[in-house]
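Undergrad: My questions all concern the structure below.
The values are calculated or read from the model by the stated rules, or taken from the named source; none is laboratory data. The structure displayed is predicted, hence computed values, not measured ones. Neighbour counts are summed over all protein chains in view; Cβ atoms, including those assigned to glycine, are modelled from backbone coordinates with ideal geometry.
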Amino acid sequence: MVATAVADSREETYRWAAVTAFGVVVGYAAVLLANARHFYTDDTESQYAALWVMLGRRLREGHFPALVPWEWMSGNYAMEEAGLYNPPQLLIDLIAPSVDNLAVYATVVKLIFSIIAALGVFRICREYGARSHWAAVAGIGFTLSGWFLFFDESSWATSLTGTAWLVHAWASAVRYARGRSGPVPTFVFLYLAISVQYIFPAVESALVIAAVAAGEVVYQRRWRPSMRLLLTAGCAGLVGLETYLPAMLSSATTWRGNERVLNDPFLTVPWSESLNASLPSTVPAFTGWWGYVQPLPMVYIAWFLIPALAFIDWSAARRSARELSGAGLFAAAVLMWTAGPGRIGPLRWPARVLPMVALALLVLVCVLLSRYGTFTRARSRAAAAAVLIGLLFVRSFSADPHHLTRHVIAVAAVVALGTVAVWLGRTRGPAAACLLTIGSMFPIAYLQVSTAPPTPLSYNFPERRSEVTAAFPRFDGVTLQLADRALLRPSDTTLAGAYSSLAFGNYAKNLGLDYVNAYTPIGHAAFSAMLCMGWDGSTCPDAFRRAFATETSTGRTIVDLMKVDRVVLQRAQFPDARSRPAPPGWKWVDYPGHERYIWVLERVDGPLSTHNGLIADASGASATSTSRADVTSRVRVSSDQGGRVVFARLAWPGYRASLNGNDIALTTVADTFVAVDIPAGTHDAELVLTWRPPGWKIGIATALAGIAGIVLLQWWHGRSRRRDVSTDTSTSEREAALVGS
C-alpha cells in the first residue's frame, strides 16, 4: 500500500474541509452581492429550472417522464439533459414543484453542488499528498475560477453537477489505485458523473480515469492497480450506458445527426491564453459570443497560480514527477483539447473544458506548493515572480489594450497580495498564508462579477412561479406559439411586458401548461424544419403558413395532425395577422390585457387534444382510442379494404406497434408523424403503439453486467485485504515467537 506523502491529523483535515465548505458559501455571498441573479441566468432560467419543475410534477403524479408526446420540441427526455437515471437529480426534480422562487432554488442547488465540487478538489489534493490548508485553497479557488464561475455555475447546471461528481471520482480513483480504498466509491462517483446526461462530464471522466491509470503505472511501476481501476471504470460505464444509448441510436433524426470533427474557431482557446490565468482583470482574445475579445475573465484561474511557481523547489519537486504524472497527463490532455478542434462529434466549443484546465493546474500547483514550497534565495524567487507577473500583464494587455488602467491595478493587487502572503508564510506559517489567499478570492470574485457587462445570453425571466402564473393566460390544452425571441426589446423582458403573454424556452413548464415550444439542444430535424422552430422555441415568419399548410397524403393541416388546440401569434412577428380571416375551423379569441403582444387562434369546435386519444387521422379505417399514456396508445381498429392510422406523436426512434399481439410495421407521415398501415379485413382489432428508449434492453443488460462486475471487484478487494491482514498477523506471530525464544 502506498502511503500518503503528508499525513495531517483527522481533526485538522476535517477542520480545513469545513473551511473549504464555508469558503464556498462566502464566495457565493460575494457573487450574489454583485449580482443577485448570477446563478439564475441563461440556460438555468430558460432550460434547467423549469425542466426540474415539470419533471418533478410528472414524478409526483407517478409517471416516469421519459417521453411527453405533446411537448413536440423537447418531449424526448431520454435524450435531453434531464438526468433521468441520476438519483440526486431526481431528488432535485421532486422538490422543485414545492418552491416558488426558482432563482433562490437554483442558487441553493448550485451552492450545494459547488460545495461538493470544492470538497472533491480538496480530496484530490490530499490524495496527492498536499497539506489540508493548501487543499482548501485549491477547492475554493476552483469554484471561483473564471469559466466555472461565469458559465458552469451561472448557466450550465449539468456541467456543474457532472463536474462535482467527476472530481470525487478522480480522488477515489487515486485512492483505489494506491490501495487506500475499495472500488465502490470510484464506481459510484463515475456513475453519477455519467448519468447527469451531459456528454462533457462523461468524456472528461473517462479522460481522468485514463490519465490516473497511466500515471499510476508510471508511479508504482505495476500494472495491476491500474487494470483494476480501468475495470471499475468500465463497470460504471456499462451501468451508465443507458443514459446515452437513446441519443446515440436516435442521432440520425436530430440536428446532431451529421456532426463530425470540424476545425471551428468558435470558443477555441489558444494556449497563449494560459498566461492570463492569474490576472483578475484578464479578458481573453478568442472568438466567442461577444466577438473576438471576450468581456469576461473566462481563462482566469487564481491570482496566485502563476506567480507562486517561483516559490517551488523544482529540484526537489522532480522527485515527485512520477507520483504526480497522472495529474500532469490530465492537465496536458485538457490543455490540448481547449485549443481545438472546435467540434468533435457532439463535443463542441472547446472552451467548455477550461474548468478542467483550472482543476488540473490548481491541483498540481497547490500540491507542489504544499510539499515543496520554499523561501530560500528569497530575492531571486521574488524577481522570478515579478517576471511571471510581467508576462501576465503583457499577455492580458495584448488581448485587451483598451483597459490598461484596470490591468495595472490588477498587477498592483497581485504584487501586494503576493508580498503579504510571502510575509505571512515566513512569519506565521503556510496556514496563515493560505487563509489570506482564500480571503482574497472573495473581493476578486465580487469585482469580477460586478464589473461584468450584462450578458446577451440572459432571458431575464421572472423568478416567482406564482407571479408568472397569475399574470399569464390559462391556456388549457395544447398550445403552439409562433414567435421569435429576437424580436423582444429589453423593455419587453419583464412580467409586466412580454412575459405575461409569451413563452420562450421552457417558460411554459413553470406554468404547468402544455406547449409545443420548448428549449432543446437536440431537436427533431424534420419537425424543426417543418415549422422552422429553433432551439429556444422561436419560429420564423413563414411558420404561420407552414402550420396551417395541408399535408398532402392525409389532406389535414399540420396543426390538425399535431392536435393543437390553440395557436398564439406574436404581434411583433405577425403584425397584420388579425386583419385576415381566421383559418377554416378556427376563430380569433380576445384575451384582455394581452393584446399588446399576442393574437390568439382557437378551434371553433373546442379542444381537439382531448378527443380520441392521440389519433390524428384515420383514412380507410375506423379507429377509436381506448387508452392513452405518455408512451402507449391503445386503439380499436377496423378496416375492410386496408387503411392507415396517423398519431399525433413525433416519430422518434423507439416506437413499435402490434395488432392483436402480432408485430406490425410502422411508417411515418412527412417524416414527422408516427403512422400504422392497417391490413385489409381487420375487424375490431386492438392496435397497441408503444415507445421505449432505443437500446433499452441493451442498457438493462449492460447495467446488470456492470453491477455484477463491481460486486466481483469489491469481493476480490475484500478477499485481498483479508489475505493481507492474515499475512501481517502471521508475520507478527512468527516475529513474536522468535523474540520469545
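Undergrad: Looking at 203, 217, which is the one that is over 18 Å from residue 711 (Cα atoms), without any contact (Cβ under 8 Å) to a residue 24 or more places away in the chain and surrounded by fewer than 24 Cβ atoms within 10 Å (Cβ to Cβ)? Give the steps one after another, and end with the answer.
TA: Details: 203 fails: without any contact (Cβ under 8 Å) to a residue 24 or more places away in the chain.
Result of the check over 203, 217: 217.
Undergrad: Taking only the range 475-523 into account, find how many residues are touching a helix residue (DSSP H, G or I) at 6+ places or on another chain (Cβ under 6 Å), on the phi < 0 side of the Ramachandran plot and not aliphatic (A, V, I, L, M).
TA: 8
Undergrad: Looking at the range 609-629, which of its residues are buried (at least 19 other Cβ atoms within 10 Å of the Cβ) and either outside any strand (DSSP E or B) or among the aliphatic types (A, V, I, L, M) (or both)?
TA: 609, 613, 614, 615, 616, 618, 621, 623
Undergrad: Can you tell me how many residues in the range 190-242 are farther than 22 Å from residue 355 by Cα and polar (S, T, N, Q)?
TA: Here the count works out to 3.
Undergrad: Anything in the range 229-258 that is of a type outside the set (A, V, I, L, M, F, W, C) and either buried (at least 21 other Cβ atoms within 10 Å of the Cβ) or closer than 15 Å to residue 699 by Cα (or both)? List them, or say none.
TA: Start the filter on the range 229-258 by keeping residues that are of a type outside the set (A, V, I, L, M, F, W, C), which leaves 232, 234, 237, 240, 242-244, 246, 250-251, 253-254, 256-258.
Matches in the range 229-258: 232, 234, 237, 240, 242, 243, 244, 246, 250, 253, 254.
Undergrad: Residue check, residue 476 against (1) over 19 Å from residue 589 (Cα atoms); (2) of a type in the set (Asp, Glu); (3) in contact (Cβ under 8 Å) with a residue 40 or more places away in the chain, all met but one. Which one?
TA: (1)
Undergrad: Still on this structure, I have one more. If only one of 432, 452, 399 is modelled with pLDDT of 95 or more and on the phi < 0 side of the Ramachandran plot, which one is it? Give the derivation first.
TA: Numbers: 452 fails: modelled with pLDDT of 95 or more; 399 fails: modelled with pLDDT of 95 or more.
On inspection, the qualifying residue turns out to be 432.
Undergrad: Could you identify the single residue in 334, 367, 387, 363 that is β-branched (Val, Ile, Thr) and outside the structural domain of residue 128 (by TED's automatic domain parsing)? Please lay out each step first, then the result.
TA: Working: 334 fails: outside the structural domain of residue 128 (by TED's automatic domain parsing); 367 fails: outside the structural domain of residue 128 (by TED's automatic domain parsing); 363 fails: outside the structural domain of residue 128 (by TED's automatic domain parsing).
Going through 334, 367, 387, 363 in turn, just one is β-branched (Val, Ile, Thr) and outside the structural domain of residue 128 (by TED's automatic domain parsing): 387.
Undergrad: Then there is this: Within the group 119, 91, which residue is surrounded by fewer than 20 Cβ atoms within 10 Å (Cβ to Cβ), assigned to a helix (DSSP H, G or I), of a type in the set (A, V, I, L, M, F, W, C) and modelled with pLDDT of 95 or more? I'd like the intermediate steps shown before the answer.
TA: Working: 119 fails: surrounded by fewer than 20 Cβ atoms within 10 Å (Cβ to Cβ).
After ruling out the rest, the residue left standing is 91.
Undergrad: Can you find, within the range 259-280, the residue that is surrounded by the most Cβ atoms within 10 Å (Cβ to Cβ) among those that are in a loop (DSSP other than H, G, I, E, B) and among the aliphatic types (A, V, I, L, M)? Outline the logic, then answer.
TA: Going residue by residue through the range 259-280, those that are in a loop (DSSP other than H, G, I, E, B) are 259-261, 263-270, 277-280.
Checking the rest, the ones that are also among the aliphatic types (A, V, I, L, M) come to 261, 267, 269, 277, 279.
On the way: 261: 12, 267: 21, 269: 28, 277: 25, 279: 26.
Step by step, filter the range 259-280, then rank; the result is 269.
Undergrad: Could you count how many residues in the range 62-119 are among the aliphatic types (A, V, I, L, M) and within 23 Å of residue 167 (Cα to Cα)?
TA: If we filter the range 62-119 for residues that are among the aliphatic types (A, V, I, L, M), which is where we start, we get 66-68, 73, 78-79, 82, 84, 90-92, 94-96, 99, 102-104, 106, 108-109, 111-112, 115-119.
Filter once more, so that each one left must be within 23 Å of residue 167 (Cα to Cα): 82, 84, 90-92, 106, 108-109, 111-112, 115-119.
Adding up the residues that qualify gives 15.
Undergrad: Would you confirm, using the coordinates I've provided, whether residue 91 is closer than 30 Å to residue 720 by Cβ and not basic (Lys, Arg)?
TA: Here the answer is no, as residue 91 does not meet what is asked.
Undergrad: Would you confirm whether or not the range 651-661 contains a residue that is hydrophobic (A, V, I, L, M, F, W, C), in contact with a strand residue (DSSP E or B) (Cβ under 9 Å, 6 or more places away or on another chain) and touching a residue at least 60 places away in the same chain (Cβ under 8 Å)?
TA: Scanning the range 651-661 turns up at least one residue that is hydrophobic (A, V, I, L, M, F, W, C), in contact with a strand residue (DSSP E or B) (Cβ under 9 Å, 6 or more places away or on another chain) and touching a residue at least 60 places away in the same chain (Cβ under 8 Å).
Undergrad: Now for a separate question. Looking at the range 326-371, which of its residues are within 19 Å of residue 160 (Cα to Cα) and β-branched (Val, Ile, Thr)?
TA: 334, 338, 353, 357, 363
Undergrad: When you go through 23, 56, 62 one by one, which is the residue that is more than 30 Å from residue 558 (Cα to Cα), free of Cβ contacts under 8 Å to residues at least 60 places away in the same chain and out of contact with any Asp or Glu (no Cβ under 8 Å at 6 or more places or on another chain)?
TA: Values: 23 fails: free of Cβ contacts under 8 Å to residues at least 60 places away in the same chain; 56 fails: out of contact with any Asp or Glu (no Cβ under 8 Å at 6 or more places or on another chain).
Going through 23, 56, 62 in turn, the sole match is 62.
Undergrad: Now for a different question. So which helices (runs of 4 or more DSSP H) are wholly in the range 311-380 and hold at least 3 residues that are of a type in the set (A, V, I, L, M), within 23 Å of the chain's Cα centre (by Cα) and on the phi < 0 side of the Ramachandran plot? Outline the logic, then answer.
TA: Working: elements: 314-317, 325-338, 354-372.
Answer list for the range 311-380: 325-338, 354-372.
Undergrad: What pairs come out if I take residues in the range 662-689 that are surrounded by 15 or more Cβ atoms within 10 Å (Cβ to Cβ) and pair them with residues that are among the aromatic types (Phe, Trp, Tyr) and assigned to a strand (DSSP E or B) whose C-beta lies under 6 Å away, six or more apart or interchain?
TA: From residues that are surrounded by 15 or more Cβ atoms within 10 Å (Cβ to Cβ), the pairs are 666/655; 674/647; 674/655.
Undergrad: Kindly indicate whether any position in the range 181-194 is in contact with a His (Cβ under 6 Å, 6 or more places away or on another chain), assigned to a helix (DSSP H, G or I), under 20 Å from residue 125 (Cα atoms) and among the aromatic types (Phe, Trp, Tyr).
TA: yes
Undergrad: In the range 558-595, which residue that is among the β-branched types (Val, Ile, Thr) and out of contact with any helix residue (DSSP H, G or I) (no Cβ under 7 Å at 6 or more places or on another chain) is surrounded by the fewest Cβ atoms within 10 Å (Cβ to Cβ)? Break it down stepwise before answering.
TA: Let us first name the residues in the range 558-595 that are among the β-branched types (Val, Ile, Thr), namely 558-559, 564, 567-568, 589.
Still in the running and out of contact with any helix residue (DSSP H, G or I) (no Cβ under 7 Å at 6 or more places or on another chain): 564, 568, 589.
Working: 564: 26, 568: 24, 589: 13.
Filtering first and then ranking leaves 589.
Undergrad: I would also like to ask the following. Go through the range 471-516 and give me each residue that's part of a helix (DSSP H, G or I), surrounded by fewer than 17 Cβ atoms within 10 Å (Cβ to Cβ) and hydrophobic (A, V, I, L, M, F, W, C).
TA: Step one: of the range 471-516, the residues part of a helix (DSSP H, G or I) are 471, 485-487, 490-492, 498-500, 507-511.
Filter again for surrounded by fewer than 17 Cβ atoms within 10 Å (Cβ to Cβ), leaving 471, 486-487, 490-491.
471, 486, 487 - these are the residues of the range 471-516 that are part of a helix (DSSP H, G or I), surrounded by fewer than 17 Cβ atoms within 10 Å (Cβ to Cβ) and hydrophobic (A, V, I, L, M, F, W, C).
Undergrad: In this structure, does residue 416 turn out to be of a type in the set (A, V, I, L, M), without any contact (Cβ under 8 Å) to a residue 40 or more places away in the chain and buried (at least 20 other Cβ atoms within 10 Å of the Cβ)?
TA: Working: of a type in the set (A, V, I, L, M): yes; without any contact (Cβ under 8 Å) to a residue 40 or more places away in the chain: yes; buried (at least 20 other Cβ atoms within 10 Å of the Cβ): no.
No.
Undergrad: Out of the residues in the range 59-76 meeting the condition of being of a type in the set (Gly, Ala, Ser) and under 21 Å from the mean Cα position of the chain (by Cα), tell me which one is surrounded by the most Cβ atoms within 10 Å (Cβ to Cβ). Show your work before the answer.
TA: Keep residues of the range 59-76 that are of a type in the set (Gly, Ala, Ser), which gives 62, 66, 74-75.
Narrowing the set further to residues that are under 21 Å from the mean Cα position of the chain (by Cα) leaves 66, 74-75.
Details: 66: 21, 74: 28, 75: 23.
Residue satisfying both the conditions and the ranking: 74.
Undergrad: May I ask you to say which residue of 416, 412 is over 23 Å from residue 134 (Cα atoms), assigned to a helix (DSSP H, G or I) and at pLDDT 95 or above? Give the derivation first.
TA: Details: 416 fails: over 23 Å from residue 134 (Cα atoms).
The conditions single out 412.
Undergrad: Still on this structure, please answer the following. Any chance you could count how many residues in the range 281-294 are surrounded by fewer than 18 Cβ atoms within 10 Å (Cβ to Cβ) and not aromatic (Phe, Trp, Tyr)? Write out each step before concluding.
TA: The first filter runs over the range 281-294 and keeps only residues surrounded by fewer than 18 Cβ atoms within 10 Å (Cβ to Cβ), leaving 287, 289-293.
With not aromatic (Phe, Trp, Tyr) added as a condition, the list becomes 287, 291, 293.
Total satisfying the criteria: 3.
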